[in-house]
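Participant: Let me give you the structure first, and then I'll get to my questions.
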Amino acid sequence: MLITVIFAVSALTETDSTQDIENETIVNSSYNDTGDQAADLNDTTNRSAGPVSIPLEKPPFID
Amino acid sequence: MILRSKIIISVALLCMFLLAGSASAAVDFPADEAGISAYVKASSSIDLNDTKSAFASIKRETSDYIIGTVALTYHTEEEYPHVYVSTDGWIVAYYPNDRPSSWIFPWADYAGGTLSSTTLSKAVGTLATAVGGTPSGLKYYDFRYTDATNMMIIIESVTSSTDYFYVTIPTTFSTYAVDWSHYAATSASTLYTGQSHVYLDEGTSFSSFGRGTHWEYGSLLGQFSNGIEHSIKIYTNTGTGRIGLVFEYAE
């Protein structure tokens, strides 16, 4: 997996890293929040909420 | 005679099987119409009469299921999720497949910071409450991109300022959607008239609003290359601006 490490430059507005998406609420505890960990998709910096990765799961009622 | 009887019995069993299949509400879910979706088995069974008052409109009704829209406070009717509910306990909230997945952002009542719900989870919750069930175990799926395994959500918010973040998609990933939604609520001051702009890689703004409260949706698929660091910047004066991204991908 490619992990690109990005450092926010000082000119950026500081954001609260605790303001992440409450993924457990979104999916009702069916997902383990990745929070500020290195994301599967990327390494993002300086965002207000997320990144959070939610599994896309095929419903059992679909053939 | 014995052979004939066996054939008749076989045909009868086949017919019973086919009829039983067609009576399954889940079989009739309109997968060819749905895009981003949230679903849950809310109960072992659902009395459809209990659900009707929860719908803002009913578009299709059979003895096995109902499809309609569910109202969301402060949202327009167009933004009401479509919801399928079946007698066998399934509740599926979805947007039609011509809409970006970023329709899940509940901008109208999102106050910033943590995002504790989506428009789809709200709709499922409304129906689950109506039937005395639970939305616990809610899952997401996109019927357009059957090979996508994950959805990533990122939001940037500003108040009368500029801010941005970076995203790099690994080269080994397959990307199916890069959908965005831009929200702004701006006013006028003695010096400025409210405006909000969002930029990809410091280029031309791909979404702009003037004074007032607005939000819109779109896609950056095709402009977001794997292995390349991309920046998303938002500038908003005299008010609040937000940019939300939804990536759908497979590792």
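The values are calculated or read from the model by the stated rules, or taken from the named source; none is laboratory data. Nothing here was measured: the structure is a model prediction, and the numbers come from that model. Every residue, glycine among them, receives a Cβ derived from its backbone with ideal geometry; neighbour counts consider all protein chains shown.
Participant: Somewhere in segment B:109-123, is a residue under 15 Å from the mean Cα position of the chain (by Cα), touching a residue at least 24 places away in the same chain (Cβ under 8 Å), surrounded by fewer than 21 Cβ atoms within 10 Å (Cβ to Cβ) and on the phi < 0 side of the Ramachandran plot?
Facilitator: Taking every residue of segment B:109-123 in turn, none turns out to be under 15 Å from the mean Cα position of the chain (by Cα), touching a residue at least 24 places away in the same chain (Cβ under 8 Å), surrounded by fewer than 21 Cβ atoms within 10 Å (Cβ to Cβ) and on the phi < 0 side of the Ramachandran plot.
Participant: Also, quick follow-up: Please find, among B:T168, B:T172, B:T193, B:T236, the residue that is touching a residue at least 12 places away in the same chain (Cβ under 8 Å), in contact with a His (Cβ under 9 Å, 6 or more places away or on another chain), more than 25 Å from B:T119 (Cβ to Cβ) and not assigned by TED's automatic domain parsing to the domain that holds B:Y110.
Facilitator: Result: B:T168 is the single residue among B:T168, B:T172, B:T193, B:T236 that is touching a residue at least 12 places away in the same chain (Cβ under 8 Å), in contact with a His (Cβ under 9 Å, 6 or more places away or on another chain), more than 25 Å from B:T119 (Cβ to Cβ) and not assigned by TED's automatic domain parsing to the domain that holds B:Y110.
Let's see how each residue does on (1) within 21 Å of B:I36 (Cβ to Cβ); (2) buried (at least 19 other Cβ atoms within 10 Å of the Cβ); (3) touching a helix residue (DSSP H, G or I) at 6+ places or on another chain (Cβ under 6 Å):
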{"residue": "B:P135", "(1), (2), (3)": "yes, yes, yes"}
{"residue": "B:K139", "(1), (2), (3)": "yes, yes, no"}
{"residue": "B:R144", "(1), (2), (3)": "yes, no, no"}
{"residue": "B:D147", "(1), (2), (3)": "yes, no, no"}
{"residue": "B:V158", "(1), (2), (3)": "no, yes, no"}
{"residue": "B:T172", "(1), (2), (3)": "no, no, no"}
{"residue": "B:H197", "(1), (2), (3)": "no, yes, no"}
{"residue": "B:L221", "(1), (2), (3)": "yes, no, no"}
{"residue": "B:E229", "(1), (2), (3)": "no, no, no"}
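Participant: While we're on this one: Is at least one residue of segment B:235-246 assigned to a strand (DSSP E or B), surrounded by fewer than 24 Cβ atoms within 10 Å (Cβ to Cβ) and among the charged types (D, E, K, R)? Break it down stepwise before answering.
Facilitator: So the first thing to find is which residues in segment B:235-246 are assigned to a strand (DSSP E or B), and the list is B:235-246.
Cutting the leftovers down to surrounded by fewer than 24 Cβ atoms within 10 Å (Cβ to Cβ) gives us B:235, B:237-240.
Those still in the list that are among the charged types (D, E, K, R) too: none.
No, segment B:235-246 has no match at all.
Participant: Under the condition of being at pLDDT below 95 and within 11 Å of B:A123 (Cβ to Cβ), which residue from segment B:72-99 is surrounded by the fewest Cβ atoms within 10 Å (Cβ to Cβ)?
Facilitator: This residue is B:H75.
Participant: Scan segment B:91-100 for residues that are under 15 Å from B:R60 (Cβ atoms) and of a type in the set (F, W, Y) and jot them down.
Facilitator: Selection gives B:Y94 alone.
Participant: Test B:T204 against the criterion of being at the interface with chain A (Cβ under 9 Å from one of its Cβ atoms) and surrounded by fewer than 23 Cβ atoms within 10 Å (Cβ to Cβ), and give yes or no. Spell out the reasoning first.
Facilitator: Details: at the interface with chain A (Cβ under 9 Å from one of its Cβ atoms): no; surrounded by fewer than 23 Cβ atoms within 10 Å (Cβ to Cβ): yes.
When the stated conditions are applied, B:T204 does not pass them.
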